[in-house]
Amino acid sequence: MESYLSFFDFTTNYYFVIGGFFLSYLIYRILQSILSDNNFMQTIYRPRGHTWRSIECNKSLPYNIYCTVCSKLMLPLVGLFCECCAVSACKKCNRVLDKKIRCKQITWPSNKPFFHHWVNIGTASGKSGDSNEHLKKLFCSWCQRTKIVEENSNIDNEQCDFNKYKKIIIPPTCVQVDKGSICNIKSLPDDDWEPLIILANRKSGSSRSDEVLSIFRGLLNPIQVVDISSISPESVIKWLPERCRLLVAGGDGTVAWVLNALQAASHVRASVGILPMGTGNDLSRVLGWGPGCSSLLDAHSIIKSIHIAEEQPLDRWKITITPKRGRLRRGRGERVLHAYNYASVGVDAQVALDFHRARAQFLYCFANRTLNYIAYLFLGMGRAIDDGGCQGLERRLRLFLDDQREPLPLPPLQALVALNIPSWGAGVHLWSSRYFVVIPYCKTSSRARRAVSLRPSESS
């Protein structure tokens, strides 16, 4: 009895220390977010009006250092620019521009010509004979062209051809809207047209998906850049064209979420690339996209990598969970899941569940990838002390391979993992580790529908 109480006290004190540590760290992160200028914190895209960012942000568009309304030089503390169309204004005048200048139109009548969306990004001085001539520098937020024209020149009747990104942009003339919602995308009569769709999850481990949303809205049609923490992939896939490429900015869970949505949409033939924004990023490591994204995101180079990437088939595992029925033959029905990385039963699955519950809390919105690693470390240590009932798991599991009638003999274990890729737990290669027992199994059903992923080209 005394030994049981001492173990209980030790476990209680352990979790008390861990809870205090995380609470202290979260308070530090909250204060840091409030006191520092984090320009990518939770800016919501506005379909009407402009979506403003600080001019200190990482951006893919040029902008005017002078306010469009009052013409004053904008300091970093007061300067704003629209992440979609690149128009700029100070904090005192930005609301005026919402009513005065339109942002990029996501839809346009197909029977009308589509013109450039010119934005003034600066002024220049030139000489014509003996008189000085004031010029202005314009930028089209659709085709990315710049043009220097006279102050009072009229160029509103020039049609836009979308220039270098015309193969990946969804033109506004192709977007059909019904009651404020996108209902269909008309395909262009061009075999090389393969629009790029950006799906970013703000809740992923690195907390940088908001930056991804911002830098791509200026280069593409804003409807092509989706925050799936507020709009589900299932809703987006309903209006996707028949052929496209998807870039998923998130972790392994986000990628699996998108692949599951695609699996249910037989009308869409899409290949998926990854911008690793999660904690482990095992699938990204295996497919060649790396363990994480670079510190400075360049939207143009990312688009180039996606364009030249090679398609790679990816096996999809179907897992059927059949609950045990009680004496009254009542119970839940079968549950079908799909796995792309691995499926696990045991202590590591319990740690993943603990982490999932922790990140659902309100304060976790101030977390980052480093905190996730620390959380996994301490949660794993906690389960090593208190295994959650996973000790002696081999006595409660029966493992059958193929059509074998007899179960496979299992060694003493606390977890059983079925791997689809050679990476587990943020890059651990189990085959080269002496702490794990590996059972090779390579049979793949030819009837299973595979997902189509993208692997970076060796030349990139």
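The values are calculated or read from the model by the stated rules, or taken from the named source; none is laboratory data. These numbers come from a predicted model, not from an experiment. All Cβ positions, even for glycine, are placed from backbone atoms using ideal geometry, and neighbour counts span all protein chains on display. All accessible areas refer to the heavy atoms of the entire protein, side chains included, with ligands and DNA or RNA removed. Shrake-Rupley method; radii C 1.70, N 1.55, O 1.52, S 1.80 Å.
The residue that is most open to solvent (accessible area, probe 1.4 Å), counting only those in region 272-324 that are over 18 Å from the mean Cα position of the chain (by Cα) and over 30 Å from D192 (Cβ atoms), is K324. For region 332-352, the condition of being open to solvent by less than 70 Å² (accessible area, probe 1.4 Å), closer than 23 Å to L220 by Cα and aromatic (F, W, Y) holds for none of the residues.
Restricting region 179-192 to residues that are free of Cβ contacts under 8 Å to residues at least 40 places away in the same chain and in a loop (DSSP other than H, G, I, E, B), the residue that is nearest to H307 (Cα to Cα) is D192. How many of the residues in region 92-118 are part of a loop (DSSP other than H, G, I, E, B) and touching a Leu at 6+ places or on another chain (Cβ under 6 Å)? Final tally of qualifying residues: 0. Of the listed requirements (1) of a type outside the set (K, R); (2) modelled with pLDDT of 85 or more; (3) in contact with a Pro (Cβ under 6 Å, 6 or more places away or on another chain), A86 misses just one: (3).
Looking at region 130-145, is at least one residue closer than 23 Å to L454 by Cβ, at pLDDT 80 or above and touching a Phe, Trp or Tyr at 6+ places or on another chain (Cβ under 6 Å)?
No, every residue in region 130-145 fails to be closer than 23 Å to L454 by Cβ, at pLDDT 80 or above and touching a Phe, Trp or Tyr at 6+ places or on another chain (Cβ under 6 Å).
For region 218-253, filtering for residues that are in a helix (DSSP H, G or I), open to solvent by 10 Å² or more (accessible area, probe 1.4 Å), under 23 Å from G292 (Cα atoms) and not small (G, A, S) leaves 1.
Can you tell me which of S71, S88, S110 is of a type in the set (G, A, S) and surrounded by 17 or more Cβ atoms within 10 Å (Cβ to Cβ)? Break it down into steps so the answer makes sense when it comes.
Values: S71 fails: surrounded by 17 or more Cβ atoms within 10 Å (Cβ to Cβ); S110 fails: surrounded by 17 or more Cβ atoms within 10 Å (Cβ to Cβ).
Being of a type in the set (G, A, S) and surrounded by 17 or more Cβ atoms within 10 Å (Cβ to Cβ) holds for just one of S71, S88, S110, which is S88.
Restricting K164, K203 to those that are in a helix (DSSP H, G or I) and open to solvent by 70 Å² or more (accessible area, probe 1.4 Å) reduces the list to K164.
Based on what the data block shows, is W257 in a helix (DSSP H, G or I) and either open to solvent by 10 Å² or more (accessible area, probe 1.4 Å) or under 13 Å from S204 (Cβ atoms) (or both)? Yes: the conditions hold for W257.
Residue count for region 390-431, restricted to those that are part of a helix (DSSP H, G or I) and among the basic types (K, R): 1.
Tell me the residue from K59, K100 that is in contact (Cβ under 8 Å) with a residue 24 or more places away in the chain and within 21 Å of the chain's Cα centre (by Cα), please. If you could, list the steps in order and put the result at the bottom.
Details: K100 fails: within 21 Å of the chain's Cα centre (by Cα).
Just one listed residue meets the conditions, K59.
Determine whether I55 is β-branched (V, I, T), touching a Lys or Arg at 6+ places or on another chain (Cβ under 7 Å) and over 15 Å from C160 (Cβ atoms).
Details: β-branched (V, I, T): yes; touching a Lys or Arg at 6+ places or on another chain (Cβ under 7 Å): no; over 15 Å from C160 (Cβ atoms): yes.
No; evaluated as a whole, the condition is false for this residue.
Exactly one of (1) part of a helix (DSSP H, G or I); (2) of a type in the set (V, I, T); (3) in contact with a helix residue (DSSP H, G or I) (Cβ under 9 Å, 6 or more places away or on another chain); (4) farther than 27 Å from P313 by Cβ is unmet by I169. Its number? Of the numbered conditions (1) part of a helix (DSSP H, G or I); (2) of a type in the set (V, I, T); (3) in contact with a helix residue (DSSP H, G or I) (Cβ under 9 Å, 6 or more places away or on another chain); (4) farther than 27 Å from P313 by Cβ, the odd one out for I169 is (1).
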